[in-house]
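The values are calculated or read from the model by the stated rules, or taken from the named source; none is laboratory data. The shown structure was predicted, so the numbers you read here are calculated from the model rather than taken from an experiment. In this analysis, Cβ positions are derived from the backbone assuming ideal geometry, glycine residues included, and neighbour counts consider all displayed protein chains. The accessibility values were calculated without ligands, DNA or RNA, using every heavy atom of the protein model including side chains. Shrake-Rupley method; radii C 1.70, N 1.55, O 1.52, S 1.80 Å.
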Amino acid sequence: MRIAVFPGSFDPITTGHVDLVKRALPLFDKVIVAIGINSQKKYLFSLEQRLAWIEAVFADEPKVEVDSFQKLTAHYCNKIGARYLLRGLRNASDFDYEKTISQLNNIVGEGLETIFLISQPEYSHISSTIVREIIKGGGDSSSFLPPEVDISSLSFEKYELK
Ligand code: ADP
């Protein structure tokens, strides 16, 4: 079985992430969207909220599973029997960063292969970082988010000071 792990923070999941998963589905038997938990990193949304959004987005897609993991991505992949990582490339700085990580993961993950998909032009400007800035600034981020991620239902003040 061809299992791919799509690791990330998904803080929050964007239309760019969703497009990437949908395009990867024909290549794999299963795609596991997995939130990596980094205790050093500050997130805008809780792990539970981020997981719930991803689950809602892919509720009708039987080939997609949602999970979270701690520590090394490569060890997580080995533990669950995934031989592929899925990552998106939006621009040259994504490439520079991802190249080193994929080479390391190939060694640490004992042959773990990273499959890269170049983002579609209409999604290449979208990042969770930009979306978080828009949310914190009180702007409308809905055009960057799947309909299941309804920020307007959340209290903005709750996130403002995090
Ligand atoms: P990380 O914290 O690991 O960067 P992200 O949640 O920001 O996690 O991103 C996870 C993956 O999704 C990365 O491979 C990133 O390149 C990809 N990605 C993010 N935004 C887009 C987009 N708009 N189009 C295609 N891929 C994207």
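Within the bounds of segment 129-144, is there any residue that is of a type in the set (Phe, Trp, Tyr) and over 19 Å from the mean Cα position of the chain (by Cα)? Even if it seems obvious, please write down each step before you answer.
Within segment 129-144, the subset of a type in the set (Phe, Trp, Tyr) is 144.
Within this subset, residues satisfying the condition of being over 19 Å from the mean Cα position of the chain (by Cα) are none.
Checked segment 129-144: no residue is of a type in the set (Phe, Trp, Tyr) and over 19 Å from the mean Cα position of the chain (by Cα).
Residue-wise test of (1) more than 20 Å from residue 113 (Cα to Cα); (2) aromatic (Phe, Trp, Tyr); (3) free of Cβ contacts under 8 Å to residues at least 40 places away in the same chain.
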position	(1), (2), (3)
13	yes, no, no
35	no, no, yes
40	yes, no, yes
44	yes, no, no
48	yes, no, yes
63	no, no, yes
Residue that is farthest from the chain's Cα centre (by Cα) [pool: residues in segment 11-28 that are assigned to a helix (DSSP H, G or I) and near the ligand (Cβ under 7 Å from one of its atoms)]: 19
Selection within segment 85-114 - among the aliphatic types (A, V, I, L, M), within 18 Å of residue 10 (Cβ to Cβ) and more than 7 Å from the ligand (Cβ to nearest atom): 85, 86, 101
Index of the failed condition, residue 138 passing every other in (1) touching a helix residue (DSSP H, G or I) at 6+ places or on another chain (Cβ under 9 Å); (2) within 16 Å of residue 4 (Cβ to Cβ): (2)
Failed condition for residue 75, given (1) over 18 Å from residue 106 (Cβ atoms); (2) open to solvent by 40 Å² or more (accessible area, probe 1.4 Å); (3) not small (Gly, Ala, Ser): (1)
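Of the residues that make up segment 126-142, is at least one open to solvent by less than 100 Å² (accessible area, probe 1.4 Å), without any contact (Cβ under 8 Å) to a residue 12 or more places away in the chain, within 10 Å of the ligand (Cβ to nearest atom) and not small (Gly, Ala, Ser)? Write out each step before concluding.
First pass over segment 126-142, keeping only residues open to solvent by less than 100 Å² (accessible area, probe 1.4 Å): 126-132, 134-139, 141-142.
Filter again for without any contact (Cβ under 8 Å) to a residue 12 or more places away in the chain, leaving 129, 134, 137, 139, 141-142.
Next, from what is left, pick out any that are within 10 Å of the ligand (Cβ to nearest atom): 129.
Those still in the list that are not small (Gly, Ala, Ser) too: 129.
The answer is yes, given that some residue of segment 126-142 is open to solvent by less than 100 Å² (accessible area, probe 1.4 Å), without any contact (Cβ under 8 Å) to a residue 12 or more places away in the chain, within 10 Å of the ligand (Cβ to nearest atom) and not small (Gly, Ala, Ser).
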